[in-house]
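The values are calculated or read from the model by the stated rules, or taken from the named source; none is laboratory data. Predicted model only: the values in this text are computed from it and were never measured. Neighbour counts run over all protein chains shown; Cβ positions are idealised from the backbone, glycine included. Surface areas here come from the heavy atoms of the whole protein model, side chains and all, with no ligands, DNA or RNA. Shrake-Rupley method; radii C 1.70, N 1.55, O 1.52, S 1.80 Å.
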Amino acid sequence: MNTRLHKFHGGMLLEDHKTESLARGLQQASLPGQLFLPLNQHIGEVNKPLIKPGERVLRGQLIAASSSPISAPLHAPTSGTIGEITAHPVPHPSGQSDACIVIDVDGKDQAIAAESINPDKLTVPELIHQIRQAGIVGLGGASFPTAAKLARANDSGIDSLIINGVECEPYITCDDILMQTHAQALVKGIDYLQRILKPNSTLIGIEDNKPDAIEAINRALASQSLDNTFVVGIPALYPAGGEKQLIEILTGKQIPKAKLAFDIGLFCQNVGTCVAISRALDHNQPLISRIVTISGDGIRQPGNWEVRLGTPVHHMIELAGGYRGDVNQHHLVMGGPMMGFSLYTDRVPIVKASNNILVMRQQTIPRHPGNHAECIRCSKCTDVCPAQLLPQQLYWHARAKAYDKTEEFNLFDCIECGCCSAVCPSEIPLVQYYRAAKGEIRAAQQAQFKSDRARVRFEFHEKRLLLKKQQQEERRRLKREALKKKIPQKQNGDAVIDPIAAALARVKAKKREQQTAALKNTTDLTLAQQKQIEEADARRRAAREHRS
């Protein structure tokens, strides 16, 4: 198919540094002594553990989940015993720790007995449910739960399905090696996506500097013959692998502000996610591993490994031959040199979003903005920005913490590609400022949300108490009205007899009768008491005659 390619604004040509990690093919990583599995490995609600320390688990067993639709459950990557559930360093720009399930690996790698499924007999909702149960998230880096994305897109109607095989950032080759070695599973995953979304066409975008991957996918397509499915080679221009940029290259369409791809009839999915979908539906296998690239000038044997989730980074570095040179002089990055973030320790685990561990002998990404030269207003950042933003203005407002102004300049349209930082002659870490500003804004929004929710709950509580009080007063009023209807008023000359007062008088009279009866039953009455009884009887007879 001769697809007309389009261009996006900006971008850069970068040295790819990819041949080093592709030289040894795909390798299987050995199991470490312990796995550390963060409960939060996706965008959305955090999972809650379903196991307790001391329990034995099997490979593929569900160990954490959430009832939220925007979530992805977590499964045991191998067999072993739950050591503890505790805070442990996790891969995050903050460098902080988070709750992790620690599995003491027993080395047996025993799997749970999984029920066989026939995906050909499953309906679309059942296919999506199976994908959710497998804990699949976007493996291109965003980690958004795939089932939630499919469910929402399925309601919108999809014209074009776009498969992202563009790995434009330097050093990273995990998707390239995946397409070469798992082409059949990839195409099968695309087939399932087509069944769910029913697109009119499917475009598989691969950079033209990956000829082996393109050839492998074309062979797999020829054997399975999917309808209207085509491989499209695109120029190796960074950041062509961004969702918005790839969509613009292949279709010429731009996603409007505050909209998503499926709002304009497009659905984009990473090649790794497609393979995970195929494994989940064909073999009922949850997402417990992924391919990770280990590369950089600070590692002895760069390469790609199929790694179980939870494997510590230092174990992967050992598999790659260890550090080159002084261990203390290396800079670790999860991701690539453009969009990755620094790791403060090699004790953090591999998670679902880990595509690359970059080991450099020099600091690639600054840990803190620190001191740097001032902006010289050269506008180079504006020229390369693929989102067509004004990075200089965003920098000034983010630095001044004028976050309302950063939003006016569309801060959240920034894809954090790092092009602006790479070309800045003053070496200002612009993306670091943008990330910090986004974090502050999200934190303020979250605090405002909690405050608004607390206010709504308080107002609802007050209204409920007021309604309860009004209902009690209404019941009392109805009782009084019912009593008035039951005891009609009677005229006594010009005076009106109050039925409630009459009822109270009858109660008092009844009490006096009871007292009189008690006195009559007493044998030793005095003359005065007998006289009181006779007078009381006379008054009662007079009262009865008067009422009649």
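Here is how the numbers come out for the structure above:
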{"quantity": "Overall dimensions of region 58-114 by Cα: Rg and Dmax, Å", "calculated": "13.2, 39"}
{"quantity": "Where the chain is the region considered: accessible area per residue in Å², 1.4 Å probe", "calculated": "52 Å²"}
{"quantity": "Quotient of Cα Rg and 2.2 N^0.38 Å for region 1-130, N being how many residues it contains", "calculated": "1.44"}
{"quantity": "Positive minus negative residues near S223 (Lys, Arg vs Asp, Glu; Cβ under 14 Å)", "calculated": "0"}
{"quantity": "Dipole magnitude (debye, nearest 20) for region 237-328, charges at Cβ of Lys, Arg, Asp, Glu", "calculated": "200 debye"}
{"quantity": "Amide hydrogen neighbours beyond the local backbone of Q34, cut-off 5 Å, H modeled", "calculated": "V105"}
{"quantity": "Area of V456 that stays accessible when all protein chains are in place (1.4 Å probe, Å², to 10)", "calculated": "80 Å²"}
{"quantity": "Ranking by accessible area, most exposed first, for D155, D383, D16 with a 1.4 Å probe", "calculated": "D155, D383, D16"}
{"quantity": "Isotropic mean projected area of the C-alpha convex hull, region 88-140 (nm²)", "calculated": "6.6 nm²"}
{"quantity": "More than 16 Å apart - percent of Cα-Cα pairs taken over region 49-88", "calculated": "37 percent"}
{"quantity": "Inter-part distance where region 210-247 and region 299-365 are each reduced to a Cα centre, Å", "calculated": "28 Å"}
{"quantity": "Between helix 527-547 and the chain: long-axis angle, C-alpha atoms, 0 to 90°, nearest 10", "calculated": "70 degrees"}
{"quantity": "Share of carbon and sulfur in the accessible heavy-atom surface of the chain [1.4 Å probe, %]", "calculated": "50 percent"}
{"quantity": "Helix-derived mean residue ellipticity, 222 nm - over the chain, DSSP H n ≥ 4, -39500 (n - 2.57), to 500", "calculated": "-12500 deg cm²/dmol"}
{"quantity": "With all protein chains modelled, accessible area of Y433 [1.4 Å, Å²]", "calculated": "40 Å²"}
{"quantity": "Relative contact order (percent, whole number), the chain, Cα cutoff 8 Å, 6+ residue spacing", "calculated": "15 percent"}
{"quantity": "Spatial separation of Cα centroids for region 426-461 and region 129-166, in angstrom", "calculated": "27 Å"}
{"quantity": "Degrees separating the helix 271-283 axis from the principal Cα axis of the chain, which is the longest one", "calculated": "60 degrees"}
{"quantity": "Inverse of mean 1/r across different Cα pairs in region 193-274, Kirkwood, Å", "calculated": "13.8 Å"}
{"quantity": "Where GluC sites (Glu not before Pro) fall in DSSP loop in region 56-137, at most 10 other Cβ within 10 Å", "calculated": "E115"}
{"quantity": "Overall dimensions of the chain as given by Cα atoms, namely Rg and Dmax in Å", "calculated": "37.1, 128"}
{"quantity": "Stokes-Einstein D (µm²/s) once Rh is taken as the Kirkwood radius of region 372-456 over alpha-carbon pairs, at 25 °C in 0.890 mPa s", "calculated": "182 µm²/s"}
{"quantity": "Share of Cα-Cα pairs in region 290-413 lying beyond 20 Å, as whole percent", "calculated": "55 percent"}
{"quantity": "Within the chain, percent of DSSP bridges classed antiparallel, to nearest 5", "calculated": "60 percent"}
{"quantity": "Degrees, to the nearest 10: 183-197 long Cα axis against longest axis of the chain", "calculated": "40 degrees"}
{"quantity": "Per-residue SASA entry for D104, accessible area with 1.4 Å probe, Å² rounded to 10", "calculated": "60 Å²"}
{"quantity": "Within-15-Å neighbourhood charge of D404 [Cβ basis; K, R +1; D, E -1]", "calculated": "+2"}
{"quantity": "Amide hydrogen neighbours beyond the local backbone of K48, cut-off 5 Å, H modeled", "calculated": "A65, S66"}
{"quantity": "Residues of region 147-169 with amide N under 20 Å of a point placed 7 Å along Cα→Cβ from N209", "calculated": "164-169"}
